[in-house]
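Notes for the one structure printed next.
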Amino acid sequence: MTEEVITLYQAIGGGLTVRALAQRFYELMDTLPEARRVRAVHPPSLKGSEEKFYEYLTGYLGGPPLYTDKRGHPRLRSRHFVAAIGPVERDEWLLCFRRAMDETIVNEKLREIIWPPIERLAFHMQNREQDQP
């Protein structure tokens, strides 16, 4: 007897949920006053960022490798080095992700599984020790 392995991507609801998560994440970043610093390091339109984030999260959560198929290895830290990401930007990013995840992923246990590696990723992306004025 073989057991079927279910990915986080499948467990949270697949592409529809990941799309909703990415959309909500960027809606929050674009509208929350407490996310203004992280919003400022993004381009005026968030559509491209949202699409890349959707593609990345899809593969990251065990779905199809959309991002790598289109763009190659993510090289996230080097791709983001053009943006000043200090503790404030990191924490604002995490605030948006946490709220978006809480609003789009129904199962609390799945959110608890997803959160720690996302939090580690955000700390890894930080490229400034101090906040810039």
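The values are calculated or read from the model by the stated rules, or taken from the named source; none is laboratory data. From a predicted model like this one, the values you see are computed outputs, not experimental measurements. We place every Cβ from the backbone using ideal geometry, glycine too, and count neighbours over all the protein chains shown. Heads up: the accessible areas ignore ligands, DNA and RNA and are worked out on the full protein's heavy atoms, side chains in. Shrake-Rupley method; radii C 1.70, N 1.55, O 1.52, S 1.80 Å.
General observations
- Extreme residue, farthest from the chain's Cα centre (by Cα), among residues of the stretch 89-133 that are farther than 20 Å from residue 39 by Cβ and open to solvent by 80 Å² or more (accessible area, probe 1.4 Å): 129
- Of all residues assigned to the stretch 24-43, at least one qualifies as being at negative phi, of a type in the set (Gly, Ala, Ser) and open to solvent by 40 Å² or more (accessible area, probe 1.4 Å).
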